[in-house]
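Please read the structure below before turning to the comments.
What follows draws every value from the coordinates through simple rules; no lab data is involved. The shown structure was predicted, so the numbers you read here are calculated from the model rather than taken from an experiment. All Cβ positions, glycine included, derive from the backbone under ideal geometry; neighbour counts span all protein chains shown.
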Amino acid sequence: MRGRPDPLATSARSWLPFALGGGITAGVAPLLFLQVLYQERFYTANLLLAHRWMAIIPALVVGFYLLYLHKSARGQALGRLARAATIGVAWACFLFVAWSWTTNHLLMLDDGAWREVYAAGGLGYRGDGDLARWAMWLLASLPLFAAGSVYLAPPTARRVAAVLGAVGLGLALAAAAVVYAGLPASAQAAVAASPWRPVLLLAAALALGGWGALAWRPTAAWARALMTAAMALVLVAGALTREAVRAQVLAPLGPSVASAGGVVAFLLVAAAVVVALVAIARIVRSAAPEPDPE
C-alpha cells in the first residue's frame, strides 16, 4: 500500500499460503478432539449456527487462493488498488472464520441461549465477551507472525518485525486481561490457581525483553535466540493456563479421559506429520526468493 518495496511484505507474501495450509492442517486434530470432549455441546452449537458456521469452508477456500493470487506474478502486476482489494478480501475471509470460531465456542457453553438462537436462525448470536476473545486471538497472531518473519525475512526487516512482535504481544496480553475479567468467578479461580499462570507472565516479560533486544541488535544471534525461547514458552504456558478453564468445564469426563488409550499411536502420527511438514517447508523454502544479504 505504501507503493515501495518492503522486505517484510515480500517475505510474508511468499510464505503466507504455506503458513495458512500449515495452520489448517494443524487445526484438524484439535477439532477432532473438541468433538469428542464437548460432544453434544459442540454439535449443538454447529447446528444452531447453521449456514453461518458452514460458511467457514468457502471463506477459507476463497482466502487461501487469494493469497496465491496475491503472490503470483499476475497478482503483482495488478494496480495498487486491485492488489489491496485482493489481500483485503482474503483478510476479511480470515476475520470471518476467526469470528465464527469465537461465537461457536461461546454458544457451545451458553446452553441457556440455545432456544433463542434456534428461534432466530443462529445469525444474530453474540456471546458475552466475544469481541475481547476475538481480539485476543487476532492480536496473538502478530507476535507469532513476527517470530516467523525474523527467520524468513532478511535482516533489514528484523527491526520492524521486533516492533510488531512487541506491540502485538502487549496488546494481546491486554485483551487477555479483559477476557479474564469477564469470566465467571469459578473460571477466574481456575486460572488463578493454575501453576502455569506465573510462568506465562514471566515468559511474556522475557519475550518483550527479547523483542526489545532484537529491535536494538537486529543481527545479534543471542537476541533472536532469547526471543524464540521466550515465545515458545509463552505458547506452552498460555495453552496450559487456558486448559485450566477447559478442565473445569469437562470435569465430568475425568474418569473416561483418564482411562483412554491411543497415546502411542498419537505420538507416532504426530511425529510423522512433523517430518512431513518439515519436508514440505524445505521444498517451499527452496522456491522462495533469496533474502537480501544486508
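Can you give me the angle between helix 158-181 and the longest principal axis of the chain, using Cα atoms only, in degrees from 0 to 90, rounded to the nearest 10? Roughly 10 degrees between the two axes. For the stretch 141-294, the Kirkwood radius over C-alpha pairs fed into Stokes-Einstein at 37 °C and 0.692 mPa s yields D = 183 µm² per second. The angle separating the long axis of helix 7-38 from the principal Cα axis of greatest extent in the chain is about 20 degrees. How would the stretch 145-199 be classified by its alpha-carbon gyration tensor: rounded, prolate or oblate, with rounded meaning a/c under 1.5 and the a/b versus b/c comparison settling the rest? Since a/c reaches 1.5 and a/b is larger than b/c, the shape of the stretch 145-199 is classed as prolate. Each helix, a run of at least 4 DSSP H residues, gives -39500 (n - 2.57); summed and divided by the residues of the chain, these come to -28000 deg cm²/dmol at 222 nm. Sequence-distant contacts, meaning Cα pairs under 8 Å at least 6 residues apart, place the relative contact order of the chain at 18 percent. When +1 charges are put on Lys and Arg Cβ atoms and -1 charges on Asp and Glu Cβ atoms, the dipole computed for the stretch 3-159 relative to its Cα centre reaches about 860 debye. For the chain, the ratio of Cα radius of gyration to the globular rule of thumb 2.2 N^0.38 Å stands at 1.09. Considering only Ala153, Ala119, Ala177, the residue lying farthest towards the positive end of the dipole of the stretch 103-181 is Ala153, judged by Cα position with unit charges set on Cβ. Translational diffusion of the stretch 91-155 was estimated from the Stokes-Einstein equation, with Rh taken as the Kirkwood radius over Cα pairs; at 20 °C and 1.002 mPa s the coefficient is 156 µm²/s.
Taking the highest mean first, how do the peptides 19-26, 8-15 order by number of other beta carbon atoms within 10 angstrom per residue?
With the highest mean Cβ count within 10 Å placed first, the list reads 8-15, 19-26.
For the stretch 73-211, the relative contact order works out to 20 percent when only alpha carbon pairs closer than 8 Å and six or more residues apart are counted. Taken along its three principal axes, the alpha carbon spread of the stretch 159-236 comes to 46, 21, 13 Å, from the longest extent down to the shortest. Between Ala205, Ala223, Asn104, the Cα set farthest toward the positive side of the dipole of the stretch 98-251 (charges on each charged residue's Cβ, about the Cα centre) is that of Ala223.
In this Cβ point-charge picture (+1 for Lys and Arg, -1 for Asp and Glu), the chain has a dipole of about 800 debye about its Cα centre. Calculated over the stretch 1-55, the projected area of the Cα convex hull averaged across directions stands at 5.8 nm². Spatially, the stretch 126-176 and the stretch 1-65 are offset by 17 Å when compared through their Cα centroids. Average 1/r across all pairs of distinct alpha carbons in the stretch 34-136, invert it, and you get the Kirkwood radius: 15.2 Å. The stretch 86-112 and the stretch 202-229 have Cα centres spaced 32 Å apart. When each of the peptides 53-59, 155-161, 78-84 is scored by the mean number of other C-beta atoms lying within 10 Å of its residues, the order from highest to lowest reads 155-161, 53-59, 78-84.
Take each peptide in 113-126, 27-40, count the other Cβ atoms within 10 Å of every residue, and average; sorted highest first, the result is 113-126, 27-40.
Remark: spin-label model distance Glu243-Val28 equals 2.3 nm, labels positioned 7 Å along the Cα→Cβ axis.
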